[in-house]
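Heads up: the structure comes next, in structure tokens.
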Amino acid sequence: MSDQNPLRPICKGWLEKIKLAEKHKKPFSDDAEEAMNFFAGDPNFMWENQYARGERGYNKGIDPPAFRMQINRVWEAVRLFTAVIHHRNPQRQVTPKQYPIVPPQMLGVMPQPPVPQMGPDGQPVIGPDGQPVMMPDPAMQQYQQGMQNQGMMLQRRKVVSDLLGAYLNYTPNELNLKHHSRKVVEEAFIKGAGVWWHELYQAPGGENKMAGSFYDSVDNLVWDMDADEFEDIRWCARKRVQPVDEVAAKFNLDREDLKGHLESYASQSDRHRRGYETEKKRGKTNDLICYWEIYSKTGFGDRLKDADKAMRGKFDQLGPNCYICVAEGVDFPLNLPPSMLQEEVDETGVPPNFFMAAQWPIPFWAEPNGWPFTLLAWHGKPGYSWPISLIRPGIGELRFINWAMSFLATRIASSSQTLIGVAKSADPDMKAKLLEKSEGGFKIVEISEAIGRNVNDVISVFNLPGVSSDMYQIISEVTALFDRRVGLTELIYGMSRNQFRSAAEAQVKAEQISVRPDDYANILEDALSEVARKEALLARWHIYPQDVAPVLGPMAAQAWQMHVQGESPDAIVREYSYRVEAGSVKKPNVATKIENLNNFMQIAMPVAQGLMQAGKPEVFNGLLTKWGEANQMDVSEFLVPPPPPPPPQQQGPPQQEGPPEEAPPEEGQPPE
């Protein structure tokens, strides 16, 4: 592309901001990389000079031990906490926000006694029942009409919430949200943050679309470096690495307009081909391209600091919420090719297609945490917008544990050696016998009588100093310090050094040990509630009746078009509450559930049996079904069937058509 492309300064400005954002993120990235190495890195990484003696190193002058090991406490922490707080897809609940009921007196409507309606002659109008017709109170009538309209609005919103709830509880299983959420949770524990991205999914060869949330590494995300808190960021950017042909097709571009930045394995295999270096310089051997998707709440980029002054204010018509895709070596935004600038402009001063392409694909800016991703973070850092990981507070102890255990293993190996001293005057054959391989665990060493000395004077075994118990004590204390940092107490493992003296003591300890996991579970449930809210907004914007008909049925699809798509995005976000059912993500405690259900059945079962004898077995069947679910048993064959319906009432004899017959005259009376 020519350097004269008018959007080249925009691309250059955003790429510079992204580099500054990566620099701002570096403390978080360094901590995340270190924690990831402790979790699943090379076991020898801690002993490499680049880490041990680098800028963040811990060893400035001690030679490393001969035997090197790594105690993977990070793996234990991540696996334990993840298993406790995330076990399955959550049950999502969508509820419309209720309007308060305002009494008529608070609106100045005072109920008046009924007044009879007066006729033209000044007299009360008499109704068919012979009573005066009463006039309705106009103010009260208006109040009742308003309450009726409010009830209709609530009924409509109830339909919308039911449709959204049914859809949002269908997609997690279809799109494997459990798998993506598990990866988000694990990365959040290791690195400090995990991310769901909210996107449309369309199966290959399929026609229907689904709204879902998908994992992508937090390494591919940067945001506004000027913000001290996450809530204050004004833009974010997501790094994408995709095949060049796919990107060209996605943005309707020519392949020659793009330059890749990462080489595929296929291209690397041609590294020794003649002319490879020449083609590489021209950017023709790269099969992949790295580009950035920018979601801005601060405009198109013409008003950024250090932006081209000649461009300032040129794109104000696009509004504050803009979407731009940039890549190194490409002089124009990928979503805004030069051909769009040649189209005819409208009254806004920009071409219509250009305006639409520069808008967010989904208006997540209407949502309270208005970004196309949901961030999961356990611990914040005041004055810094990036969070800190679970492992960061215990890095010092973790380094010492690995260092001390490695030196301890080396010391044990040294102390396990056997040193034998042999007198110089000893027979050379005797020395050779000592070095021979033993048979059956024994060696026979013959000592010549000519030596004339005791065997112990000729051969001596040296006792090397053992390992001091202080070293074990120090390692144990430091390990306990690390466990307190991250919450790996013995009760998490289901162990206890001392026997509980009472049930009350056991209950207190159980409550205390669950404080940190419960806090993590609450944070996760809040994040998953935000995920549900953003999926609802995505569904409102891009899911159509033909997409929901196979899931919810044709009647619900028609209602979707009438009511869900009829709601504004702002109403979808703010007038409905999206929550995951409390505890629905965690692994269920079956024993506690059975115990609670048994206690409840002792109270409810007599009532249920009485209702069953009265011909109403629904309560009894419900209790039995819940008991079967808790005990993982099929109790359908034990359910009490409902009583048969009552027999239809027999009808009397048919009446004759025509007028009724006259009764015969009484005796003594003449007939009429």
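Filtering the stretch 143-160 to residues that are within 18 Å of Pro113 (Cβ to Cβ) and open to solvent by 100 Å² or more (accessible area, probe 1.4 Å) leaves only Gln144. From Ala608, Ala663, Ala591, grab the single residue that is over 30 Å from Asn89 (Cα atoms), part of a helix (DSSP H, G or I) and either open to solvent by less than 100 Å² (accessible area, probe 1.4 Å) or modelled with pLDDT under 85 (or both). That would be Ala608, the only listed residue that is over 30 Å from Asn89 (Cα atoms), part of a helix (DSSP H, G or I) and either open to solvent by less than 100 Å² (accessible area, probe 1.4 Å) or modelled with pLDDT under 85 (or both).
Residues satisfying the criterion are absent from the stretch 631-638 (criterion: within 30 Å of Val94 (Cβ to Cβ), modelled with pLDDT of 80 or more, of a type in the set (A, V, I, L, M) and open to solvent by less than 70 Å² (accessible area, probe 1.4 Å)). What are the pairs with Cβ atoms under 6 angstrom where one residue, in the stretch 544-571, is closer than 12 Å to Tyr167 by Cα and the other, located anywhere, is among the small types (Gly, Ala, Ser) and modelled with pLDDT of 95 or more? Sequence gap at least six, or different chains. Taking only residues 6 or more apart or on different chains, not a single pair turns up. Pairing each residue of the stretch 248-268 that is part of a helix (DSSP H, G or I) with any residue that is loosely packed, with under 14 Cβ neighbours inside 10 Å and at pLDDT 65 or above, provided the two are 6+ apart or on different chains, yields C-beta distances under 7 Å for Ala248/Asp254; Ala248/Arg255; Arg255/Asp245. No other residue among Gly194, Gly165 is touching a strand residue (DSSP E or B) at 6+ places or on another chain (Cβ under 7 Å), in a strand (DSSP E or B), modelled with pLDDT of 85 or more and crowded, with 17+ Cβ neighbours inside 10 Å apart from Gly194.
Scan the stretch 8-21 and give yes if some residue there is crowded, with 18+ Cβ neighbours inside 10 Å and farther than 30 Å from Arg255 by Cα, otherwise no. No: zero hits. The residues of the stretch 168-187 that are in a helix (DSSP H, G or I), touching a strand residue (DSSP E or B) at 6+ places or on another chain (Cβ under 9 Å) and surrounded by 15 or more Cβ atoms within 10 Å (Cβ to Cβ), listed by number, are Leu168, Thr171, Pro172, Leu177, His180, Ser181, Arg182, Lys183, Val184, Val185, Glu186, Glu187. Of all residues assigned to the stretch 126-139, none qualifies as being open to solvent by 20 Å² or more (accessible area, probe 1.4 Å), touching a residue at least 60 places away in the same chain (Cβ under 8 Å), out of contact with any strand residue (DSSP E or B) (no Cβ under 6 Å at 6 or more places or on another chain) and farther than 30 Å from Ser29 by Cα. The residue of the stretch 59-75 that is nearest to Asp137 (Cα to Cα), among those that are in contact (Cβ under 8 Å) with a residue 24 or more places away in the chain, open to solvent by 90 Å² or more (accessible area, probe 1.4 Å) and not in a helix (DSSP H, G or I), is Arg68.
Being at pLDDT 85 or above and either of a type in the set (A, V, I, L, M, F, W, C) or in a helix (DSSP H, G or I) (or both) is a property that does not hold for Val508.
Looking at the stretch 231-241, is at least one residue open to solvent by 20 Å² or more (accessible area, probe 1.4 Å) and among the β-branched types (Val, Ile, Thr)? So far as the stretch 231-241 goes, yes, one or more of its residues are open to solvent by 20 Å² or more (accessible area, probe 1.4 Å) and among the β-branched types (Val, Ile, Thr). Within the stretch 303-322, how many residues are assigned to a helix (DSSP H, G or I) and under 37 Å from the mean Cα position of the chain (by Cα)? Total meeting the criteria: 3.
Total residues in the stretch 526-575 satisfying the condition of being at pLDDT below 90, open to solvent by less than 40 Å² (accessible area, probe 1.4 Å) and either under 21 Å from the mean Cα position of the chain (by Cα) or of a type outside the set (Asp, Glu) (or both): the figure is 4. Residues considered: Met46, Met36. Of these, the only one that is open to solvent by less than 20 Å² (accessible area, probe 1.4 Å) and in a helix (DSSP H, G or I) is Met46. Taking the stretch 349-462 and the helices (runs of 4 or more DSSP H) fully enclosed by it, the elements with 3 or more residues that are among the hydroxyl-bearing types (Ser, Thr, Tyr), surrounded by fewer than 19 Cβ atoms within 10 Å (Cβ to Cβ) and modelled with pLDDT under 90 are at 395-415. Within the option set Phe373, Phe364, Phe355, being in contact (Cβ under 8 Å) with a residue 24 or more places away in the chain and more than 28 Å from the chain's Cα centre (by Cα) holds for one residue only, Phe355. Just one of the numbered conditions (1) loosely packed, with under 15 Cβ neighbours inside 10 Å; (2) modelled with pLDDT under 90; (3) of a type outside the set (Lys, Arg); (4) closer than 30 Å to Asn72 by Cα is not true of Asp30: (2).
Return yes when Asn335 is over 32 Å from the mean Cα position of the chain (by Cα) and more than 23 Å from Glu525 (Cβ to Cβ) and no when it is not. It is false that Asn335 is over 32 Å from the mean Cα position of the chain (by Cα) and more than 23 Å from Glu525 (Cβ to Cβ).
Mind checking whether some residue in the stretch 18-29 is in contact (Cβ under 8 Å) with a residue 40 or more places away in the chain, touching a Gly at 6+ places or on another chain (Cβ under 8 Å) and in a helix (DSSP H, G or I)? Yes, the stretch 18-29 contains a residue that is in contact (Cβ under 8 Å) with a residue 40 or more places away in the chain, touching a Gly at 6+ places or on another chain (Cβ under 8 Å) and in a helix (DSSP H, G or I).
I'd like to check something: does the stretch 76-99 contain any residue that is open to solvent by less than 90 Å² (accessible area, probe 1.4 Å) and farther than 30 Å from Arg182 by Cα? Within the stretch 76-99, one or more residues are open to solvent by less than 90 Å² (accessible area, probe 1.4 Å) and farther than 30 Å from Arg182 by Cα.
The values are calculated or read from the model by the stated rules, or taken from the named source; none is laboratory data. Since the structure is predicted, the reported quantities are computational estimates derived from the model, not experimental observations. Virtual Cβ from ideal backbone geometry, glycine too; neighbours counted across all protein chains shown. These area figures cover heavy atoms from the full protein model, side chains too; ligands, DNA and RNA do not enter into them. Shrake-Rupley method; radii C 1.70, N 1.55, O 1.52, S 1.80 Å.
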